[in-house]
Amino acid sequence: MDYIDPHIHMVSRITDDYATLARMGCVAISEPAFWAGFDRGSADGFRDYFRQLTEVEPKRAAAYGIQHFCWLCINAKEAENVSLSREVIAMIPEFLDAPGVLGIGEIGLNKNTRNEAIVFLEHLDLAAQYDQPILIHTPHLEDKYQGTRMILDMLDGDSRLQRSRILVDHVEEHTIAEVLDRGYWAGMTLYPVTKCTPERAADMIEKYGPERLMANSAGDWGPSKPTAIPDLIFELRRRGHDESLIRRIVYENPIEFFKNSRNFHFRPRGETVADSVV
Amino acid sequence: MPQAHQILDDQFLQVRAKLIEVAAVLDRIDRVAATELTTADLESHPKRVALEQAIGLLLQDAAPGGRAEALQKLFSRPYDQRWRDSLSV
């Protein structure tokens with residue numbers, strides 16, 4: 001089955017992973033800007049990273065027939081440095097018209113601190129000013145519940161933002177209902193140990209249905225599995241779910257959400273450039 | 001969708017293995033603790049307490065959101081509606 005991974009960090013993966021993803025049915029990915037495993041020291045470090053996301057990775061992906069899209073921001077972990085964050089936020093508009101840039105992300109909270117909240121709000125303002133969709137990272141482990149609620153409070157507090165253009169990622173059993181009930185998109189991250197297994201994701205799909213729900217691998221430089229979505233497809237098939245339900249979660253929903261971006265020009269497998277979905 | 005008894009049959013060995021793993025970890029902690037001079041704070045350690053509360057939750061009737069949601073909330077910091085005041089944001 002063709003599928004889309006809406007959250008994967010391919011800058012951290014080897015080329016063989018692109019080949020494996022292609023063989024497993026991946027036709028497109030979106031790559032949010034994130035923490036590289038170390039704190040970068042300057043805005044120019046982020047400028048180079050944004051060039052990697054907008055120029056290098058699309059070519060690497062295209063070599064395997066995968067369309068590459070991305071999101072730009074300074075992530076929550078480095079947002080503790082407010083002055084650096086403001087320099088990066090001021091630079092982001094230079095890249096917003098680059099092909100494949102879908103919006104602002106993955107912004108969010110990490111340890112739910114004051115500085116993280118300040119920088120999150122400034123990212124929201126940037127997204128509103130430039131009419132950009134938003135992809136949101138929610139915190140890990142014991143900070144997730146509190147942080148997700150704080151994020152929703154801040155989103156709800158900005159009347160300029162449309163909820164149908166915002167994806168709240170890394171939802172789990174204790175946060176998914178609040179996100180969906182308030183009208184946002186929700187993403188389940190299939191990640192060893194710290195987030196959600198394919199089996200638990202399948203449970204949440206059965207419980208909440210496919211409306212505004214997606215799944216991703218968040219494959220990155222840490223313990224993670226870039227082919228986690230095929231694992232979810234396998235689990236849903238094993239339980240006897242219709243192919244139409246599975247396709248909606250792993251293919252149609254990402255497309256529907258990404259269409260919120262003016263830079264989303266997707267070519268389904270087999271279609272020519274002239275037939276492109278815009 | 002498989003029926004409930006099928007899920008039980010399918011998942012029994014996996015759940016059995018996970019429960020034995022939990023038992024073995026608790027045994028390991030106790031075994032090593034028995035060799036240490038100071039163990040007074042172990043039983044009241046927040047992580048130990050949280051694990052024992054979680055095990056207790058599994059045996060209760062399912063909460064409205066389910067056992068998984070109840071465990072997730074048990075392992076979470078509480079949400080403070082007045083967080084904006086606390087952080088001056």
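The values are calculated or read from the model by the stated rules, or taken from the named source; none is laboratory data. Quantities reported herein were computed from a predicted structural model and do not represent experimental measurements. With ideal geometry, Cβ positions are generated from the backbone for all residues, glycine too; neighbour counts draw on all protein chains shown.
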**Q.** Where a residue in segment A:118-133 is away from chain B (no Cβ under 14 Å) and its partner, wherever it lies, is crowded, with 18+ Cβ neighbours inside 10 Å and among the small types (Gly, Ala, Ser), with Cβ under 7 Å and at least six apart
**A.** A:ALA127/A:GLY103; A:GLN132/A:GLY103; A:PRO133/A:GLY103; A:PRO133/A:SER261
Q: Identify all residues within segment A:127-143 that are of a type in the set (A, V, I, L, M), under 22 Å from A:GLN162 (Cα atoms) and surrounded by fewer than 20 Cβ atoms within 10 Å (Cβ to Cβ); write none if there are none.
A: A:ALA128
**Q.** Set A:THR189, A:THR194: member being over 20 Å from A:SER30 (Cα atoms), of a type in the set (Val, Ile, Thr) and touching a His at 6+ places or on another chain (Cβ under 7 Å)
**A.** A:THR194
**Q.** Which numbered condition B:ASP9 misses (of (1) assigned to a helix (DSSP H, G or I); (2) among the charged types (D, E, K, R); (3) touching a Leu at 6+ places or on another chain (Cβ under 9 Å))
**A.** (3)
Q) Is there a residue in segment A:24-38 that is part of a helix (DSSP H, G or I) and surrounded by fewer than 19 Cβ atoms within 10 Å (Cβ to Cβ)? A) yes
Q: Kindly list, by first and then second residue, each pair from a residue in segment B:27-40 that is surrounded by 11 or more Cβ atoms within 10 Å (Cβ to Cβ) to a residue that is modelled with pLDDT under 70, limited to pairs with Cβ atoms under 6 Å and residues at least 6 apart or on different chains.
A: B:ALA33/B:THR39
Q: Please find, among B:ARG16, B:ARG67, B:ARG84, B:ARG48, the residue that is in contact (Cβ under 8 Å) with a residue 12 or more places away in the chain, among the charged types (D, E, K, R) and surrounded by 10 or more Cβ atoms within 10 Å (Cβ to Cβ).
A: B:ARG48
Q) Given the conditions (1) free of Cβ contacts under 8 Å to residues at least 60 places away in the same chain; (2) away from chain B (no Cβ under 14 Å), and given that A:PRO99 satisfies all but one, which numbered condition is not satisfied? A) (1)
Q) Out of curiosity, is A:MET188 out of contact with any Ser or Thr (no Cβ under 8 Å at 6 or more places or on another chain), within 14 Å of chain B (Cβ to nearest Cβ) and under 23 Å from A:ASN81 (Cα atoms)? A) no
Q) Of A:THR20, A:THR54, which residue is assigned to a helix (DSSP H, G or I), at pLDDT 95 or above and touching a Ser or Thr at 6+ places or on another chain (Cβ under 7 Å)? A) A:THR20
**Q.** Any hit, segment B:64-77, residues being within 14 Å of another protein chain (Cβ to nearest Cβ), under 27 Å from A:LYS195 (Cβ atoms) and among the polar types (S, T, N, Q)
**A.** yes
Q.
Looking at segment A:144-177 only, could you name the residues that are surrounded by 24 or more Cβ atoms within 10 Å (Cβ to Cβ) and away from chain B (no Cβ under 14 Å)?
A. A:ILE166, A:LEU167, A:VAL168, A:ASP169
Q: State which residue is farthest from the chain's Cα centre (by Cα) when the search covers only segment A:38-90 and only residues that are polar (S, T, N, Q) and within 16 Å of A:LEU109 (Cα to Cα).
A: A:ASN81
(Q) Taking the criterion of being hydroxyl-bearing (Ser, Thr, Tyr) and either buried (at least 18 other Cβ atoms within 10 Å of the Cβ) or more than 23 Å from A:LEU167 (Cα to Cα) (or both), would at least one residue in segment A:95-116 satisfy it? (A) no
